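Student: Handing you a structure now.
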């Protein structure tokens, strides 16, 4: 039994933490989120120079060859440091889709720019009609000779306004909610028939509503359903680690504030009710850490259902835990906690956005129950049930 | 707008409270619940002499002609006083079924004895297979000439071991969960084919599992579905009022205990965390009181759905509130709260039983949602929905 | 026991409903109305004589019963019209009626009841949040004036207000509750500076107000010097019957149902039905607790124990409703300060959830409310 | 990072599983085993050498690693065998090993490890619940003996125990934590009276123990006179890695699933699936927090911050599981001290829910745990 990180992992994490501390003070962050593109092009370029974007790609793909543990350690620092650079959109969502699905030729065309920060790509997967169902897809792809044509609408395409290209999940065959018959297609942002409406996103960053009206597209690899599910699971785990970083920051800042802020002649932290509230926050942070460790361990399980259960359980737990920590951090800060001027409110928004991304607690509990029932069925435990 | 009780109602309530205080000290109660019959025959007879059993029956039926408000005020005192006399089983469940369904001849045969306490009757409605569905019924009734024959199994027949007769809900026609095709049938406890297994019940009192193997029966009135639903709703409201009385007692006793019990040199009630806990209990008691008043007002609504919604909402709220108050009362009493020797644990058991009787919070929330959706449908608000 | 409206009350309800339908403003309610919007709507109400719903007729109020006010509040919520800025009508006005002199009444009440002056409230200070009595803003007597120095914070609407009522310290020698006075200050007085505080929802509701040698005529002192704490307590106990926000919650539940019924993912999900039913049950309990408080107010009785939990339960429910709406919206709740995607109703859901966290903080945190309840309701 | 069991550990797991299957007692686990049942099962374990799983080999323990103990606890829960009375093996034994002299070790450890003496714990007193240090039971030195007078309460198993270890006051002059001593007392000593306390679940677990002029040889003092509080703290910090009750919770979740799958009303209700999944998620977090604590113990590190919440979260989850089982049972949960109706598993559901409320009270209430955490984990 071993829960410790390697020295290399610890160094990596510490060095990224220091990088963010230098590049990303709270005042820098506040300016960045007010810009139209919603991230710092300078920081993004520096990250490219330092190869942070290349971290989870294999050596063969030109990356640093690290695994999901290192990726999640990075995410934790993103959350702690309120980093709004488009790492998840480019590196996790688009990058891992390409890495898992694309041909060698496509990879060599797309990944180098993605890794050095010069090219941005967004994955367009979500559609409002499907709520959180990963593979619900009305957007259609039809083949005409060598080329594909896309038609449909994608929502909440993260970082879309900054993207040079889009990866679009589209349906080639089958019913709207079927698991098979899906492909991933590459299009240029300026291609004919593409229209994009930009939005800011809660918690920082930007996104877009993408309308596709007979857009010519290039297909990446083959059947895409499992890859999309796996990439969304990795992105969910990544966002959990990000949330864990933010929760730690909120707890530390709240405990600190409670020691200095006085009311009725006593520091807030001397009131038993507030002490217990912070203990409850502390316990939730500890339990969340356990869930992150659990995901780190299980994401390398050879059983796909075990990986999915791990991610679903982690998000289900942390959605609730993160709401509690965020809400209580605001409550304990009082008035100053509901302003833009203090970082507390920004962590609150980041954690609120976390809850709704890629499926909320209810969605994940249902996934978990379905996966568990399938397993029990396979084990013959449901023999008598109907 | 008027939430006040009449002077007569207040007098009635006070006099029943005094009656219980005299007849029913905690030590009396503890002896009674250890007896096989689970109630005090003396007290029951005294209550009959004082006409308490006749309270909710109409003048025409030989009763005192009071309404549901007086009945619920009585129930509140039952709960406060930990009274385990079989009032709900005889007067509410069986009594109101007879009053609403039976012929004049049947009433005059059954009600006088019920009202003076000399005759006991239990309503056998529940079947485990139906969970909390009021009209789910596998027990069958078949007609042969003038007489009926019952076959089936009824569960949790309250006060059954003390009953002289049973009223059995049985299906004449239709599918197991259909709302129509139900009748109520009278049988003697000693009739051929009747077998009864006696149980003690959580929170006091006794019940029985009733097996009916071709039992000859007399039918009461006609189609019984609506009457059964209405009687169970009244019994639910009655049990809510009972729970409200118990909750008040727990709050008062806990607050009192917290002022005298010292730990670390201070009374428990001086610790802020415990103060807030008791404030939360206090608020739940206040909200429960509001729900009881709401039910009292709405139970006379001419709209049946409005009455059903009121009862469902009250029970849904109070199941949760009563659990909170009971659990915290035990927690604040510490070790002594989990013994038989203090009344706190007995209130806890009474409130636990309350939760499971006639449908828990989940059941009632679903009823409420279904009733509300039906109403919206009727109002045309669901026009676009499918 | 009886909760039926009388025939007169039913007729009143009908009249109110029709008037609101005809006179509803052309902008939707929001947390950040401009000065122009605020004045336009309040003057519409004032010209009908329906602005000061809690005031007696002698001061230009409606003279309504508590039941009429309940009907009014409910109809306003159902009609989805903007709320009325509370600082003049619900706070400063009643204080002047109860503690002000004739000159103050003549000077201020008409402007409030006609919505020709907007007010804000100068209570909180950077160092005194829940511990209001520790406030430090000084008012020193200088001839016929007070010279005011200090800072207020969390001042809602200070940027659109004409006047501010302030708690100031006129004497620092005794217990901290003593030496506090209640002062009315024209916001145009030299030395006052208003700075925006941007809120967690990205909007401008709140301000800091700085006072530097601000000269305030002594005639603007309400009540006696040093007795401001009495007035502060009077205001805290005021408006118990509307604090729970029941009508607003009712409108919000209805909105959740409409949103549910419009979305196949939600209307075919029994859990959503159950969740909404659970919120509705909480609201029903709150409504009846509120009605009990209203009945007591109506019959002139002092507030009973039922009223004490209204703020706690009301704000908790408001927060639960806001949180649930965010979760119903799923991806549609994620755009920020942006146009809606999907159902328009979700565009502001997250902002409302964010700023709604303030409801358990302002006006005495819920923790403070519980401290008070422990003492007065339970004797602990 | 790695959580795979090694080949040796897997073989051990297999061995344990098979042994438990072959040696499982013929009575089911309950909260109220008789003395005969307790001795029978513990002596079965002892004869295999598997009773003292936390002890080093030199005293007859298993000498197992923390991982082996985790495997053992998990397999025991899965096999549904009775637990071991903790007062001898997990409490008195470790105290004697750490603080006792050679004579005491020779006298007591073999009886514990062979299950030839049952122990109980004399800590709580009527006036000292959470405030243990305020205990009043006196032990006065009289030649080679102490004379003990006073009363203990909530003494689990006192009615079936041979010996009791007690905290007693040997000096009342200083701070209340000082002057407390740790004394071993033979329950057959004249002057000891045991009275039953019937619990909320109707069963007999607990007792009051009265001491009237009970003469205890001074050689039964463990450690120094007046240093009992040090031993008490040692015991409180002990057994951190099993306090959460994870294996038991796992067995209970599995039971809930089996009950669900057997009942069409439950297995066709998606809400039940979701509720159970929510409990399972909480358990998974608890399990990994427990594993973290175990890993630290394994590698000889002091308990980390993760271990502090284990008792709080563990007892809350145990209570939630018990409560949910009652609600799954519906009417089948209502019979009391009676035969089952419907599924046999529900017959004891309510009793378990009732007595389970004690888990957040004993061993330091969860409120006390949070006081301690506020101080040590957060520095408040």
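Bear in mind that the values in this text are calculations on the coordinates, not laboratory data. Every value quoted in this text rests on a predicted model; they were computed, and no experiment measured them. Backbone-built Cβ (ideal geometry, glycine too); neighbour counts: all protein chains shown.
Student: Give the calculated FRET efficiency between residue C:171 and residue B:51 to the nearest 0.05, with a Förster radius of 56 Å applied to their Cβ-Cβ distance.
Tutor: My answer for the efficiency is 0.25.
Student: Still on this structure: Considering the Cα trace of segment B:213-257, what is its radius of gyration and what is Dmax, both in angstroms?
Tutor: Expressed in Å, the Cα Rg and Dmax of segment B:213-257 come to 18.9, 56.
Student: Follow-up. Looking down the axis that turns B into A, which residue of B has the closest beta carbon, and how many Å out?
Tutor: Residue plus distance in Å, as requested: B:272, 2.
Student: Hey, for residue B:6 with labels 7 Å out along Cα-Cβ, what do the inter-copy distances come to in nm, ordered shortest first?
Tutor: From this label point to the equivalent ones elsewhere in the assembly: 8.5 nm.
Student: Can you tell me the alpha carbon radius of gyration of chain A divided by the globular rule-of-thumb value 2.2 N^0.38 Å?
Tutor: That works out to 1.02 for chain A.
Student: Taking neighbour counts of Cβ atoms within 10 Å as a proxy for exposure, in what order, fewest first, do D:134, B:356, B:195 appear?
Tutor: Exposure proxy ranking, most exposed first: B:195, D:134, B:356.
Student: How far is the Cα center of segment C:254-321 from the Cα center of segment C:157-212, in Å?
Tutor: 34 Å
Student: Say each of residue A:27 and residue A:381 gets a label point 7 Å from the Cα, pointing the same way as Cα to Cβ; how far apart are those two points in nm?
Tutor: Placing both labels 7 Å along Cα→Cβ, they lie 5.7 nm apart.
Student: Roughly what angle does helix A:68-80 make with the longest principal axis of chain A, taking Cα atoms, 0 to 90 degrees, to the nearest 10?
Tutor: 50 degrees
Student: Helix D:228-237: angle to the longest alpha-carbon principal axis of chain D, degrees 0 to 90, nearest 10?
Tutor: 10 degrees
Student: Percent of Cα-Cα pairs more than 20 Å apart in segment D:215-296, please.
Tutor: 57 percent
Student: A further question follows. Just to confirm the numbers: residue C:19, label point 7 angstrom along the Cα-Cβ line, distances to the other copies in nm, shortest first?
Tutor: The projected label point of residue C:19 is separated from its counterparts by 8.6 nm.
Student: Using a 7 Å offset from Cα along Cα-Cβ at residue B:252, what residues in segment B:1-25 end up with backbone N under 17 Å from the label point?
Tutor: Residues passing the 17 Å test: B:10-25.
Student: Still on this model: Give me P(r) over chain C, computed from all C-alpha to C-alpha distances, binned every 20 Å, as integer percentages.
Tutor: So the P(r) values, bin by bin, are 25, 59, 16, 0.
Student: Considering just Cα atoms, how many Å³ per residue does the convex hull of segment B:122-223 enclose?
Tutor: So the per-residue Cα hull volume is 90 Å³.
Student: Please report, in whole Å, how far the alpha carbons of segment B:305-375 spread along each principal axis, starting with the longest.
Tutor: 49, 18, 15
Student: Neighbour counts of other C-beta atoms within 10 Å: give me B:115, B:318, C:97 arranged from fewest to most.
Tutor: Fewest-to-most ranking of B:115, B:318, C:97: C:97, B:115, B:318.
Student: Please report, to one decimal in angstroms, the Kirkwood hydrodynamic radius of segment D:119-227 built from all distinct Cα-Cα pairs.
Tutor: With all distinct Cα pairs of segment D:119-227 included, I get 13.9 Å.
Student: May I pose another question? So what are the three principal axis dimensions of segment D:7-84 from its Cα atoms, in whole Å, longest to shortest?
Tutor: So the three principal-axis extents are 37, 27, 19 Å.
Student: Tell me, what are the semi-axes, in whole angstrom and largest first, of the equivalent ellipsoid of segment A:49-90 as set by the roots of 5 times the Cα gyration tensor eigenvalues?
Tutor: 19, 11, 8
Student: Give me the percent of Cα-Cα pairs in segment A:12-69 that sit more than 16 Å apart, rounded to a whole number.
Tutor: Cα-Cα pairs of segment A:12-69 separated by over 16 Å account for 52 percent.
Student: While we're looking at this one, here's another question. Among A:270, A:163, A:45, which one shows the biggest mean-square fluctuation in a GNM of chain A, springs joining Cα atoms closer than 10 Å?
Tutor: A:270
Student: Here is a follow-up. Using 0.36 nm times the number of residues separating residue D:339 and residue D:114, minus their current alpha carbon distance, what extension gain do you get?
Tutor: 77.4 nm
Student: Mind checking B:290-296 for the average number of partner chain beta-carbons within 10 Å of each residue's beta-carbon?
Tutor: Average neighbour count from other chains, rounded to a whole number: 5.
Student: Another question about this same structure. Just the number, please: percent antiparallel of the DSSP beta bridges in chain A, rounded to the nearest 5.
Tutor: If we restrict to bridges inside chain A, about 85 percent are antiparallel.
Student: Could you check what % of the DSSP bridge pairs in chain D are antiparallel, to the nearest 5?
Tutor: Among the beta bridges of chain D, antiparallel pairing accounts for roughly 85 percent.
Student: When the convex hull of the Cα atoms of segment B:227-378 is projected onto a plane and the area is averaged over all directions, what value comes out in nm²?
Tutor: Averaged projected area of segment B:227-378's Cα convex hull equals 9.8 nm².
Student: Looking only at segment B:89-235, where both bridge partners belong to it, what percent of the DSSP beta bridges are antiparallel (to the nearest 5)?
Tutor: Of all bridge pairs located within segment B:89-235, approximately 85 percent are antiparallel.
Student: Ranking A:176, D:38 by Cβ neighbours within 10 Å, fewest first, what do you get?
Tutor: A:176, D:38
Student: Something else about it: What percentages make up the Cα-Cα pair-distance distribution of segment D:240-376 when the bins are 5 Å wide from 0?
Tutor: 2, 10, 18, 18, 18, 13, 9, 6, 4, 1, 0
Student: Nm distances between the label at residue A:105 and the same-position labels in the remaining copies, 7 Å along Cα→Cβ, shortest first?
Tutor: 9.6
Student: Quick one: Debye curve from the alpha-carbon atoms of the protein assembly as shown only, equal weights, vacuum; give me log10 I(q)/I(0) at q = 0.06, 0.07 Å⁻¹ to two decimals.
Tutor: -0.68, -0.94
Student: Which percent of Cα pairs goes in each bin when the distances of segment A:211-310 are cut into 10 angstrom slices starting at zero?
Tutor: Bin by bin from 0 Å, the calculated values are 13, 28, 21, 18, 12, 7, 2.
Student: Running a GNM on chain C with Cα contacts under 10 Å, which residue among C:29, C:247, C:264 ends up with the highest mean-square fluctuation?
Tutor: Result for chain C, Cα springs under 10 Å: C:264 fluctuates most.
Student: Give the span of segment A:1-129's Cα atoms along each principal axis, as three whole-Å numbers ordered largest to smallest.
Tutor: 46, 42, 35
Student: Further question: Take the Cα pairs of segment A:277-332, get the Kirkwood Rh, then feed it into Stokes-Einstein at 10 °C and 1.306 mPa s and tell me D in µm²/s.
Tutor: The diffusion coefficient I find is 133 µm²/s.
Student: For chain A, find the longest principal axis of its Cα atoms and tell me its angle to the long axis of helix A:361-378, 0 to 90°, nearest 10.
Tutor: Roughly 60 degrees between the two axes.
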